[in-house]
Amino acid sequence: MSVIRFQGAHLVNAAANTLAPVIDRTSPLQMDGSITIGVQQIPLNNTYTLTNATLARNAAGDVSINIGASQSAAIDFLIGEYFKECTTLLSTLSVPPLNNSGQYADGSGDTPFAKGSLITSLVVAYSIQGGPLTSFTAGMWLDTYVNGVANNLANPLAVAQNGLSLANTAGATTCTVTTIPIPTANQAYDVSLCGNPTVEFAIVTPAGCTFRLYGLSLQLTYNYL
C-alpha cells in the first residue's frame with residue numbers, strides 16, 4: 001500500500017474533544033507507491049532518422065509519417081519526454097525535505113525510494129494500403145549516462161515484429177492500434193538524471209503497398225508522486 005506523506009500534517013481540536021488530522025493546503029505530497037495509469041504521447045516530429053519516409057500533411061488535421069511502395073524504411077524516435085523525479089536531488093532544502101541522516105524529515109525514519117518512470121508498453125497507430133507489408137519490426141533502447149562511468153545501453157524491447165500487423169486496414173485513415181508490451185523481465189525504472197530512450201521501426205513495403213504511421217504513445221508507471 002502506498003504511503004502518503006504531508007509535510008504540514010498536524011492535529012486540531014474536533015468535535016467531542018477529539019483531535020483530527022488536517023493537512024496544510026500548501027503542503028507538498030510524497031507517495032512511496034507507484035501510479036500505473038501514465039500515458040505519454042510522442043510527437044511525430046521527434047524522429048531523428050527518417051529513411052525512405054516522410055512526415056506529411058495528408059489533409060487538414062491529418063498528419064502522419066508516410067512510406068511509399070517498394071521501400072525499405074526506418075523511423076527512429078527520441079522518446080525521453082516523460083516527467084520523472086530524481087531521488088539524488090533530495091536534500092535538507094528540497095521538497096520533500098530530508099534530514100541530515102538522509103531520512104525523510106517527517107519523523108518516520110524512512111529513507112526515500114529511487115524515483116523514476118517505467119515504460120510498460122508502446123502503443124502504435126498505423127495504416128496499410130495495398131498490403132500486406134513485407135515486414136514491420138519495432139525495438140527500444142535506453143542509454144543511461146553517469147559521470148565517469150561507461151554508458152549503460154539496455155535493450156528493453158528486442159527488434160522483432162512484436163505483434164505488429166502486416167495486413168491491410170480498411171482505409172488509409174483507418175488505423176490498426178497495436179499495444180506492444182515491454183517484457184516484464186526487461187522493465188526497469190529510469191531513475192537517472194541523464195539518459196536517452198529511443199524506439200526504432202523498420203518497415204518494408206512491396207510493390208503497390210503504402211504505409212502511414214499516425215501515432216506512438218508510451219504506457220508508463222510512475223513512482224514519483
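Checking each residue in the stretch 79-102 for being surrounded by fewer than 15 Cβ atoms within 10 Å (Cβ to Cβ) and hydrophobic (A, V, I, L, M, F, W, C) picks out Phe83, Leu89, Leu93, Val95.
Ser70 meets all of the listed conditions (1) touching a residue at least 40 places away in the same chain (Cβ under 8 Å); (2) of a type in the set (Gly, Ala, Ser); (3) at negative phi but one, namely (3). One residue stands out among those in the stretch 187-213 that are modelled with pLDDT under 95 and of a type in the set (S, T, N, Q): the one that is farthest from Asn155 (Cα to Cα), which is Ser192. Filtering the stretch 126-165 to residues that are closer than 26 Å to Pro206 by Cβ, surrounded by fewer than 17 Cβ atoms within 10 Å (Cβ to Cβ) and more than 24 Å from the chain's Cα centre (by Cα) leaves Gly130, Pro132, Thr134, Ser135. The set of residues from the stretch 52-69 being surrounded by 12 or more Cβ atoms within 10 Å (Cβ to Cβ) and more than 9 Å from Phe211 (Cα to Cα) comprises Asn52, Ala53, Leu55, Ala56, Asn58, Asp62, Val63, Ser64. Residues in the stretch 200-225 that are in a loop (DSSP other than H, G, I, E, B) and more than 28 Å from Asn151 (Cβ to Cβ): Pro206, Ala207, Gly208, Cys209, Leu225.
Cβ-Cβ contacts under 6 Å between residues 6 or more apart (or on different chains), taken from a first residue in the stretch 119-140 that is in a strand (DSSP E or B) to a second residue that is at pLDDT 95 or above and acidic (Asp, Glu), are listed as Gly139/Glu200.
If you check Gly38, Gly107, Gly80, which single one turns out to be more than 17 Å from Thr198 (Cα to Cα), of a type in the set (Gly, Ala, Ser) and assigned to a loop (DSSP other than H, G, I, E, B)? Steps first, answer last, please.
On the way: Gly38 fails: assigned to a loop (DSSP other than H, G, I, E, B); Gly80 fails: more than 17 Å from Thr198 (Cα to Cα).
Gly107 is the lone residue from the list that is more than 17 Å from Thr198 (Cα to Cα), of a type in the set (Gly, Ala, Ser) and assigned to a loop (DSSP other than H, G, I, E, B).
The C-beta contact set for the stretch 84-105 (first residue more than 25 Å from Thr221 (Cβ to Cβ), second residue among the hydroxyl-bearing types (Ser, Thr, Tyr) and surrounded by 13 or more Cβ atoms within 10 Å (Cβ to Cβ), distance under 9 angstrom, 6+ apart or interchain) comprises Pro97/Tyr104.
Restricting attention to the stretch 142-199, the residues that are touching a residue at least 24 places away in the same chain (Cβ under 8 Å), in a strand (DSSP E or B) and polar (S, T, N, Q) total 7.
Residue by residue, here is whether (1) over 15 Å from Thr120 (Cα atoms); (2) touching an Asp or Glu at 6+ places or on another chain (Cβ under 8 Å); (3) among the aliphatic types (A, V, I, L, M) holds:
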site: Asn162; (1), (2), (3): no, no, no
site: Ile180; (1), (2), (3): no, no, yes
site: Thr184; (1), (2), (3): no, no, no
site: Ala188; (1), (2), (3): no, no, yes
site: Asn196; (1), (2), (3): yes, yes, no
site: Arg212; (1), (2), (3): yes, no, no
site: Gln219; (1), (2), (3): no, no, no
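The values are calculated or read from the model by the stated rules, or taken from the named source; none is laboratory data. What you see is a predicted model; the values in this text were computed from it and never measured. Quick reminder, even Gly has a Cβ in these numbers, built from the backbone with ideal geometry, and neighbours come from all protein chains shown.
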